[in-house]
Ligand SMILES: Nc1ncnc2c1ncn2[C@@H]1O[C@H](COP(=O)(O)OP(=O)(O)OP(=O)(O)O)[C@@H](O)[C@H]1O
Ligand SMILES: [Mg+2]
């Protein structure tokens, strides 16, 4: 009997091929979307890590408390030495000292009078000794005019900011800010190049300065506001937690406001909430897919059920019980569901894998290319991606078949024949 | 003992607030080996009565005993078992399953009886031989003519050699020659295997073959006569 039903299933495309295609499509899309959202999440982490949070970050306890005010008077002293120690202790990681500042950028004319002026956010980091940060920020790609700095006193300025201030490479710009000792800092730079990241809040009014210059400008000898740490590959929450606990145990002293403290990427910028939200979003999307696919499959179930009144009527007349027929409909649903899910999973994962490894470059579709945010559509295959498709695939088929099956089987048997005679 | 016995059967359908009575006071006895037809105008209740006897429908009142079972008190499962083991159905619209071959269509009732493969093949081939369509064993229903399809459905009803065959307008979709062919075939099966046949029909051609003719008018039995069958031989058509 099972063989008999299987034969029917295979031969009747309306019962097998079409539902399988529908399920495969839905499952494939669910998996792909899930992977895409995961990819988006990891892109977000990546970008945040580069310009702001690192995978881990070290500050003084006092700095950490009011970190958004960029309190450079509370910076880490002897930071070069600390970085040395960190490099010995955690050789697999890379460390980058940062000074962040807010202030004004003033563009003088030939006589030294203010021509243009605007609020500025500055990021100070090593730009001259190694190309680590150059690569991290993808500066070769971000550069739209001029050159990267190759000596002290040179800075990069974002394109939008440069346009607003009406400056070009070669022009002088004066930074006006608060020095670490509370005095007013005024420092002249030469603009070496103009950059664009493709991330609006960075592109608005940012300058990149070599950290030695900022130390001079702000009187911060041998200190840094923050030290960012990077793992060789992607962010790894478990490793980050381990290192953070280890570091804080050794370096952080309760009660000493100026002792350093390490936090992970997830503890910063509300990234943890953001990641939870991204996860929740994936599940909402999957939920919507289950719902829509159940409706579609319910409908196909009903349609094929109506086409199958004859078959079901005959099977009942020949002596199958309603329960047997219903159970066989459910089994059919399950089989179709499994087949469709497997096909859909393979398709979805294959495409996601392609997006993960190669990606689709959409920079052509974007007005300005983006150096920091990836312009390549990326996906990321995480473990749940292998299973997530089974939820819509199996649940939807099962629900669809169960509901439509009840409708068919619950009809009076005699009624099935009456409808046949039409 | 009678193969079918009904006592005071009535069937009512809800129709708006009132009820429509499709059958009333049906007292009927049919013995083994009969070749009997229920005749009457359209809407007189023929199909309704046949469905009750076939355990596909419940009477609103009264009792029907079919092959020793009271159909009104059978569970779905027991009704299914009765149909499976002892009843054969032939429909006006044949109702062959389109995705299966002739062989598989006729084999289906035997699958439900859980017979082994050799036995099934033997019975299917015998049944197809009896209805003269063994050469189409591997065809799909769509490749057959109307007459051939009805032969297959007769073979499907007969393959397990049931005690009772219920045939609702079996000739309604057939031309004259095919109708007589099928009827002659059924008559022969009736003689050969002593299978009881009960028809529901308003086809004059079918009536010629009946040995007993029960007339329904507005849901009541108004006539019940025995008669000599007047089959039309294949040469005459
Ligand atoms: N499910 C139902 N609900 C309401 N009325 C019904 C239902 N089934 C049958 N009837 C009514 O019961 C009466 C008898 O129907 P039945 O199908 O038994 O007639 P019939 O003698 O077989 O007619 P025909 O020769 O046209 O097949 C008809 O008037 C029909 O409209
Ligand atoms: Mg009828």
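Coordinate-derived values only; no laboratory data. No experiment lies behind these values; they were computed from the predicted model shown. Don't worry about glycine lacking a Cβ; one is built from the backbone with ideal geometry, like all the others, and counts go over all protein chains shown.
Remarks
- The Rg/Rh ratio of segment B:154-212, with both radii computed over alpha carbons and Rh defined as the Kirkwood radius, is 0.93.
- Whole-percent P(r), segment B:2-97, all Cα pairs, 5 Å bins from 0: 3, 12, 22, 24, 21, 13, 5, 1, 0.
- Average projection, convex hull of the Cα set of chain B: 13.4 square nanometres.
- Helix A:309-318 and the longest principal axis of the C-alpha atoms of chain A enclose an angle of approximately 50°.
- Taking the centroid of alpha carbons for each part, segment A:92-106 and segment B:1-60 are 94 Å apart.
- Förster radius 30 Å - calculated FRET efficiency between residue B:191 and residue B:217, Cβ distance, rounded to 0.05: 0.45
- Fully extended contour minus Cα-Cα distance, from residue A:216 to residue A:181, at 0.36 nm per residue: 11.4 nm
- Segment A:1-83: translational diffusion in µm²/s, Stokes-Einstein, Kirkwood Rh over Cα pairs, 37 °C, 0.692 mPa s: 179
- The P(r) of chain A has a tail past 32 Å containing 54 percent of all C-alpha pairs.
- Each stretch of four or more DSSP H residues adds -39500 (n - 2.57); spread over every residue of chain B, this sum gives -10500 deg cm²/dmol at 222 nm.
- Nearest-ten-degree value, helix B:176-193 long axis tilted from longest Cα axis of chain B: 90
- Size of segment A:56-230 from its Cα atoms: along the principal axes, largest to smallest, the extents are 49, 36, 28 Å.
- Considering only Cα atoms, the convex hull volume of segment A:228-303 works out to 127 Å³ per residue.
- In this rough spin-label picture, where each label sits 7 Å from Cα along the Cβ direction, the residue A:248-residue A:140 distance is 3.9 nm.
- Paramagnetic label zone (point 7 Å from Cα along Cα-to-C-beta, residue A:147; backbone N under 18 Å) in segment A:205-248: A:208-210
- In degrees, nearest ten, helix A:322-357 long axis to first principal axis of chain A (Cα): 30
- Volume of the convex hull of segment A:1-145 (Cα atoms only), normalised per residue: 284 Å³.
- Paramagnetic reach from residue A:280 (point 7 Å along Cα→Cβ, amide N under 13 Å) across segment A:230-272: A:272
- Subtracting the Cα-Cα distance of residue A:116 and residue A:273 from 0.36 nm times their residue separation leaves 52.5 nm of extension gain.
- Take each residue in A:5-15, count the other chain C-beta atoms within 10 Å of its C-beta, and the mean is 2.
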